[in-house]
Amino acid sequence: MPPALTGTYRLQLRAEFGFADAAAVVPYLSDLGVSHLYLSPILQAAPDSTHGYDVVDHTVVSADLGGEDGLRALARTAHRHGMGLVVDVVPNHMAVPTPATLNAKLWSVLRDGPASPYARWFDVDWSGPDRALLVPVLGSRIGQVLDAGELSVEEVDGEAVLRYYERVFPLRPGTERLAMAELLQRQWYRLAHWRVGDEELNYRRFFDVDTLAAIRVELPEVFSATHDLLVRLREDGVLDGYRIDHPDGLADPRGYLAALREVTGGAWVVVEKILEGAERLPADWACAGSSGYDTLNRLVHLLVDPDGENPLRALWTSVTGDPRDLRAVIAESKRQVLATSLRAEVTRLVDLAVAVCADDLAMRDFTRHRLTSALVEMLVAFGRYRAYVVPGEPADGETVALLDAAVTATVAQREDLADEARLLAELALGRLGRGPDLDDFCVRFQQTCGPVMAKGVEDTAFYRWFPLTALAEVGGWPAPMGTLPETPPGGDAVDGLHRWARRQQAEVPMGMTTLSTHDTKRSEDVRARLAVLAEDSAGWGRALTAWRAAAAGYRAAELDPATEYLVWQTVVGAWPIEEDRLLTYLEKAAREAKLRTSWTDPDEGYDRAVRAYARHVLGDADLRASVAGYVEGLAPAARVNTLSQKLLQLTLPGVPDVYQGCEALALTLVDPDNRRAVDYADRRERLAALDRGGAPRDLADEKLLVTATTLRLRRERPASFGPGGAYRPWPTGTPHAVGLLRGDDVLAVATRLPLRLAGNGGWGDAALDLPAGDWADRLGRRTHSGRVPLADLLRRLPVAMLARTPNVSGPHVAGAPAEPD
């Protein structure tokens with residue numbers, strides 16, 4: 001009998017931390033209160049993979065991690081400790097590895113083209129004039145490569161191959177003796193300069209990553225071949241559930257999830273789905289819920305003082321000289337990626353639209369140029385990761401409204417494109433009938449929305465506009481600050497949180513909640529500290545001004561003020577931070593912003609200026625002391641935020657996930673920083689000391705105490721937190737305390753906006769009226785009943801986790817507030 005799913009713990013597997021290493025930390029994680037290990041992808045990935053999302057073989061468990069025997073041994077260890085396993089699944093794409101021989105299916109397609117038994121696996125457009133799959137890997141144009149003699153024919157393992165430095169490619173049978181120029185013309189692939197890919201790529205990929213080729217998992221044979229091993233491991237009791245990576249990239253996410261439910265017998269499944277604003281998961285998706293970005297972003301806004309928005313925006317504008325709002329920056333960023341890294345996706349959609357128009361006399365006057373312009377504007381205006389349309393079925397009202405809004409926005413930009421925009425909306429909604437090109441456009445439009453959002457918003461705009469970087473997060477909304485989509489008129493973020501949570505409990509009570517993932521741009525604890533800046537906007541402004549003045553001599557002419565601003569927010573958020581970590585982060589941030597430098601067109605002079613400034617800042621003893629002093633001043637409020645958001649994440653509706661290391665303090669930044677090794681020996685010692693009755697020594701201990709106490713309580717009382725358990729907002733008498741009741745026997749209380757609370761004189765006479773009975777505070781180790789002053793309840797910690805003791809008499813929830821409408 002598998003254990004009840006009450007709390008997961010994400011482990012980032014890699015060659016240096018495989019199944020055996022995971023098994024070694026199982027006893028500690030069991031003590032922590034975890035019910036299931038949540039593993040990063042376990043199938044065979046490309047050589048030296050640091051994440052596992054670049055799968056090359058779905059039929060074997062990764063040998064780098066320990067193989068299937070190692071996985072089964074890990075499962076046995078977990079089972080002995082009353083725990084199960086959940087794994088990350090990558091259905092959207094496979095790796096284009098080096099050497100390509102490692103992906104046998106892709107190698108077959110490169111060699112045999114459409115005749116390969118795996119040709120249908122990959123989403124390739126074979127309709128081009130040369131019927132060749134584009135392979136954009138050359139360092140220069142093909143003519144220059146030929147002239148330099150950089151290509152050669154060799155024999156590898158008894159097969160003639162084409163070699164380009166470390167890369168090898170199969171040869172179409174019978175072509176190995178041809179002259180090089182003719183040999184290249186006869187292959188089922190076209191070698192090209194790497195820059196050609198963004199414009200002419202003819203296979204679908206993961207976002208803009210050419211080395212991750214999309215597969216057509218909507219085909220039954222591909223679904224079976226890529227999932228048989230994972231299903232067998234489920235049948236054997238090794239696996240208990242699945243997290244599905246990027247379902248928005250699939251042709252038919254609904255169909256995929258239905259098929260997965262059928263073959264796994266209804267296993268627990270969550271999807272990596274970014275829900276924008278108040279967007280809800282499609283009700284017909286056969287899954288337990290999302291992977292939790294909606295929780296993350298609501299909790300960080302709960303911590304942010306909305307009154308800090310205007311001062312922080314003014315400070316940002318004064319430093320950067322950029323008065324634009326976020327919407328303008330997003331529109332600019334989307335247009336840039338659509339014109340560059342995603343241009344091939346635009347071209348393919350336009351090709352389909354042109355083909356549809358060519359087949360209908362009434363539409364033949366729609367030109368390629370104008371359709372391209374209209375499509376770009378439509379994609380800029382569409383603010384979701386996906387529309388939900390199945391060819392042959394009428395679109396739902398929300399999707400229709402979103403496409404209508406995109407048309408309206410397009411016409412506002414270009415009134416002359418009104419007819420083209422309406423045509424594209426009809427195509428995207430599948431309203432012009434059925435047919436290969438019609439259906440293809442409908443599906444591909446949806447598949448393109450996700451890359452535009454991910455690359456245009458999160459990986460570009462959020463690196464350009466960040467008055468408060470804590471809010472520039474995956475699936476987030478940096479403005480307005482401190483506001484939830486569900487906040488009612490006249491209400492505040494607490495009201496919005498409760499409304500959202502009640503909906504979650506009703507609709508997806510077993511979805512995942514999270515605060516940190518391998519994809520977040522900064523950890524939960526960095527965000528918690530930076531959130532204080534909204535309450536201390538004046539102090540932050542003074543500190544920033546002083547630091548910039550003190551560091552003026554370090555600032556090269558090439559360094560732009562926005563990146564300078566980012567340096568200081570990053571240093572404060574992650575303090576203390578080592579030089580190599582800061583430099584790695586800043587390089588990624590500046591290149592993702594794509595303003596002065598980028599991954600494809602690096603500006604070494606600019607990159608050097610950024611590195612030099614950061615080095616000098618960290619190397620200046622006076623600046624270091626000043627930063628340390630400011631961070632120390634933030635520490636009491638940051639402590640409140642850190643503990644409050646953790647307690648709430650662990651008690652809100654859903655299955656909470658703890659990202660590796662984040663059970664204690666983890667001041668990490670975007671990958672690869674957040675994938676560094678975790679010091680489990682230290683955490684094990686800390687937990688043991690707490691369990692012996694020791695008092696927490698620091699914030700890391702306090703966070704570990706909150707995490708372990710709550711996870712253990714969830715495991716002890718699963719019914720209170722599960723689908724049958726209730727969620728009730730519990731009144732606290734103050735906007736600075738959030739109270740919630742789970743089931744009828746668990747009551748959590750968390751503090752928010754601590755600087756404003758202190759400025760108002762503290763808790764005053766605010767008190768909590770407890771339900772009937774005695775309530776043990778599992779964190780404060782005291783028992784309460786009746787009316788409890790918050791100043792007393794939250795004397796030691798800014799959070800409380802109360803559990804009703806068994807000797808209660810009378811109604812279980814006497815004094816419970818009336819359920820709001």
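Computed from the coordinates by the stated procedures, all read-outs in this text should not be read as laboratory data. All values reported here derive from a predicted model rather than from experimental measurement. Cβ coordinates were reconstructed from backbone atoms using ideal geometry, including for glycine residues, and neighbour counts include every protein chain displayed.
Numbers for the structure displayed
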read-out: Residue-span extension gain [residue 314 to residue 419] - 0.36 nm each, minus C-alpha spacing; value: 33.7 nm
read-out: Modelled FRET efficiency - R0 41 Å, residue 261 with residue 792, Cβ distances, 0.05 increments; value: 0.25
read-out: Estimated inter-spin distance, residue 209 and residue 548, nm [label 7 Å along Cα→Cβ]; value: 3.6
read-out: Rounded D (µm²/s) - the range 654-806, Kirkwood Rh over Cα pairs, Stokes-Einstein at 37 °C, 0.692 mPa s; value: 194
read-out: Spin-label zone in the range 367-385 - amide nitrogen under 18 Å from a point set 7 Å from the Cα of residue 405 along the C-beta vector; value: 377-385
read-out: Low-density loop cleavage sites - chymotrypsin sites (Phe, Trp or Tyr not before Pro) in the range 153-198, where at most 14 other Cβ are within 10 Å (DSSP); value: 165
read-out: Interchain or long-range residues, amide H under 5 Å from residue 212's placed H; value: 96, 206
read-out: Gyration tensor verdict on the range 309-455 (Cα atoms; rounded if a/c is under 1.5, prolate if a/b is larger than b/c, oblate otherwise); value: prolate
read-out: Residues with amide H under 5 Å from that of residue 276, placed H, sequence gap 5 or more; value: 385
read-out: Distance-filtered residues of the range 1-34 - backbone nitrogen under 20 Å, label point 7 angstrom along residue 688 Cα→Cβ; value: 21-34
read-out: Calculated FRET value between residue 157 and residue 131, using beta carbons and R₀ = 25 Å, to 0.05; value: 0.35
read-out: Count of lysine pairs in the chain with Cα separation under 28 Å (8 or more residues apart, or interchain); value: 20
read-out: Karplus (6.51, -1.76, 1.60) ³J(HN,Hα), θ = phi - 60°, over the range 497-510, in Hz, Gly and Pro reported as x; value: 4, 5, 4, 5, 5, 5, 5, 4, 5, 6, 9, 9, x, 10
read-out: Overall form of the range 227-359 per C-alpha gyration tensor (a/c, 1.5; a/b vs b/c); value: oblate
read-out: For a label point 7 Å along the Cα-to-beta-carbon line of residue 24, residues of the range 44-87 with backbone N under 18 Å; value: 64-67, 70-78
read-out: The range 29-148 - Rg and Dmax from Cα coordinates, angstrom; value: 19.6, 64
read-out: Order by protection proxy (mean Cβ within 10 Å, highest first), peptides 454-465, 772-783; value: 454-465, 772-783
read-out: Volume per residue that the Cα convex hull of the range 69-123 spans, once the total is divided by residue count, Å³; value: 116
read-out: Using θ = phi - 60° and Karplus 6.51 cos²θ - 1.76 cosθ + 1.60, couplings along the range 48-58 (whole Hz; Gly, Pro as x); value: 6, 4, 9, 9, x, 7, 9, 5, 10, 8, 7
read-out: Derived scalar couplings ³J(HN,Hα) [the range 24-35; Karplus, 6.51 cos²θ - 1.76 cosθ + 1.60; whole Hz; x for Gly, Pro]; value: 5, 9, 4, x, 5, 5, 5, 4, 5, x, 6, 9
read-out: Listed peptides 29-35, 480-486 by packing density, highest first (mean Cβ within 10 Å); value: 29-35, 480-486
read-out: Cα coordinate range in the range 155-205, projected on the principal axes (Å, largest first); value: 34, 22, 19
read-out: Added length on full extension, which subtracts the Cα-Cα distance from 0.36 nm per residue, residue 322 to residue 278; value: 13.0 nm
read-out: Cα-based shape type of the range 1-61, given that a ≥ b ≥ c are square roots of the gyration tensor eigenvalues and the cut on a/c is 1.5; value: prolate
read-out: Compactness of the range 597-694, expressed as Rg and Dmax over alpha-carbon positions, Å; value: 18.9, 57
read-out: Cβ crowding within 10 Å averaged over residues, with 221-234, 643-656 ranked highest first; value: 643-656, 221-234
read-out: Loop trypsin sites (Lys or Arg not before Pro), the range 312-404, which have at most 14 other Cβ atoms in a 10 Å radius of their Cβ (DSSP); value: 324, 364
read-out: Rg over Rh, two decimals, the range 312-355 (C-alpha only, Kirkwood Rh); value: 1.29
read-out: Matching label, semi-axes √(5λ) of the Cα gyration tensor in Å computed from the structure shown, candidates (i) 43, 34, 24; (ii) 45, 31, 28; (iii) 62, 34, 25; value: (ii)
read-out: Euclidean distance between Cα centres, the range 140-191 to the range 356-416, Å; value: 42
read-out: Full-stretch length increase - residue 774, residue 178 - with 0.36 nm per residue and alpha-carbon distance subtracted; value: 205.9 nm
